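**Q** Have a look at this one before I ask anything.
What follows draws every value from the coordinates through simple rules; no lab data is involved. Note that the structure is predicted; figures quoted are calculated from it, not measured. Counting neighbours? That spans all protein chains shown, and the Cβs are built from the backbone with ideal geometry, glycine included.
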Amino acid sequence: MMRRSLRALVKPYVGEPPRGLYRAKAPDLLIRIAGAAVPHFLSVVTRLGGDTEPPELPAAVNRTTMRIADRRRVTADGQVLALTLTPLDDTPLPRWNPGAHLDVHLPSGLIRQYSLCGDPGRRGEYRIAVRHSPEGAGGSVEVHGLSTGRLVEVSDPRNAFMMPLPGSASRASKLHFIAGGIGITPILSMVRLAEQQGTPWTLHYTGRHRDALAFVDELAPYGEKVHVRTDDEHGVPSAAALLDGVDPTTAVYVCGPPPMVDAVLRAIPRDSGIEVHSERFSAAPVVDGRPFELELAHCGTVVGVGADRSALAALRNAVPSVAYSCQQGYCGTCVQRVVSGEVDHRDDLLTEEQRRCGQMLVCVSRAKSTGERLVLDL
Ligand code: FES
């Protein structure tokens, strides 16, 4: 494909991001780099690519008890806390790749997902970073209350971010990262890897103000590759500004608040040849939703699911500890078994056989008909 200027490629911010955006058959540039560094990862990506083997579902995820060895504030405003977790013995920790995350099982029973933001080469520790959100559902407040020496259970690292774009055999020879706020956490490890491998890269890092940006000191050595744009100094950036320098030889990785991620996704036409990989902080919006009900078979509780809510969101009201991760239908963490009712499956992950056996990804899938009741084996 001929190189075209960004002006010719970027679309206005309209419409919904295409469904199935996060999966493809061809490994992308960062995956090729990571694969060279950590061969195990390629097998994971091949499986998730979905040609032959059924997806691995949550039952296969191990849990390990780890100790909080260090906690430190990593923003000038003190609102982001980085925790270093170490194992209870000398066994090397499972390998991970930039973009991977952990499920952290908090003492209250809440389960939260946090991106790994340390050095994948350090097999004796994991590092996560969490922004304090008092208006949230309680996970971040609980994390900020954990003291050094406290034990927590975590899953093995899992990677849901680096899902290639459907149909795009990779032509990328350079990487462009876009991070909004705490979205820097998966990106931080990615830029380190790109730098180590000598792959050309740039980063646009946005936030409300500089004091709220985490890890600015760790990014400082990369000089002009890192473009920090804060709303108070530069105004809220447009998608075109965040995509400055992007052309069909670029793979774009974007992580941050949903409006920013959606703006970037909508600005890149599917036929542009640009690879895009994204992670939101929260679920994609429900499209064409109709209200229905969930019944928990073991206690008889009935939960209403509004037209604009996901089954997962409604279920979490009744069962706060219910497991989930990507909230976009590609990781399998939220799988539930449906005892009765007809499901409108909206994921690309479950096989027909798994669907026939009653499995449902409640983060995206819904009841087939308005007002229908799905009975879950819960
Ligand atoms: S949370 Fe990832 S598939 Fe539902």
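**Q** At a Förster distance of 51 Å, what's the computed FRET efficiency of VAL287 paired with GLU125, Cβ-Cβ distance as r, to 0.05?
**A** The value I calculate is 0.80.
**Q** So, one more: For the stretch 292-376, rounded, prolate or oblate, judged on the Cα gyration tensor with a ≥ b ≥ c (square roots of eigenvalues), a/c < 1.5 rounded, else prolate if a/b > b/c?
**A** Cα axes put the stretch 292-376 in the rounded bin.
**Q** At what distance in angstrom do the alpha carbon centres of the stretch 120-145 and the stretch 242-319 lie from each other?
**A** For the stretch 120-145 versus the stretch 242-319, the Cα centre distance is 22 Å.
**Q** So what is the relative contact order for the stretch 130-270, in percent, with contacts set as C-alpha pairs under 8 Å and at least six apart?
**A** RCO, the stretch 130-270: 26 percent.
**Q** Say R0 is 41 Å: what FRET efficiency, to the nearest 0.05, do ARG210 and CYS299 get from their beta-carbon distance?
**A** Calculated value: 0.25.
**Q** Kindly state, to the nearest 0.05, the FRET efficiency for SER340 paired with GLU218, given R0 = 56 Å and r defined as their beta-carbon distance.
**A** Result of the calculation: an efficiency of 0.60.
**Q** Let me ask something additional. How large is ³J(HN,Hα), in whole Hz, for each residue of the stretch 302-309 in order, when computed from phi with the Karplus curve 6.51 cos²θ - 1.76 cosθ + 1.60 and θ = phi - 60°, using x for Gly and Pro?
**A** 10, 10, x, 10, x, 4, 9, 10
**Q** Using unit Cβ charges (K, R positive; D, E negative) and no other charged atoms, how large, in debye to the nearest 20, is the dipole of the stretch 229-378 about its Cα centre?
**A** Computed charge dipole of the stretch 229-378: roughly 520 debye.
**Q** Would you calculate the separation in nanometres between label points at LYS225 and VAL319, each defined as 7 Å from the Cα along the Cα-to-beta-carbon direction?
**A** Output for this residue pair reads 4.4 nm.
**Q** Something else: Could you tell me the distance between the Cα centroids of the stretch 218-238 and the stretch 181-210, to the nearest Å?
**A** Their Cα centres are 11 Å away from one another.
**Q** Another question about this same structure. Stretched out fully, how many nm does the piece from ASP89 to GLU142 gain, at 0.36 nm a residue minus the Cα gap?
**A** Roughly 16.5 nm would be gained on extension.
**Q** Okay, moving on. What is the extension gain from LYS174 to ARG150, computed as 0.36 nm multiplied by their sequence separation minus the C-alpha to C-alpha distance, in nm to one decimal?
**A** Separation in residues times 0.36 nm, less the Cα-Cα distance, equals 4.5 nm.
**Q** Okay, moving on. Just from the alpha-carbon atoms, what are the Rg and Dmax of the stretch 165-293 in angstroms?
**A** In Å, with Rg to one decimal and Dmax whole: 15.3, 53.
**Q** Here's something else I'd like to know. Please state the relative contact order of the stretch 292-376 as a whole percent: Cα pairs under 8 Å, 6+ residues apart?
**A** 39 percent
**Q** Taking 0.36 nm per residue of sequence separation and subtracting the Cα-Cα distance, how much length would be gained by fully extending the chain between ALA241 and ASP377, in nm to one decimal?
**A** Length gained, ALA241 through ASP377: 44.2 nm.
**Q** Here is a follow-up. Please compute, over every Cα-Cα pair in the stretch 62-158, the percentage with a separation greater than 15 angstrom.
**A** 58 percent
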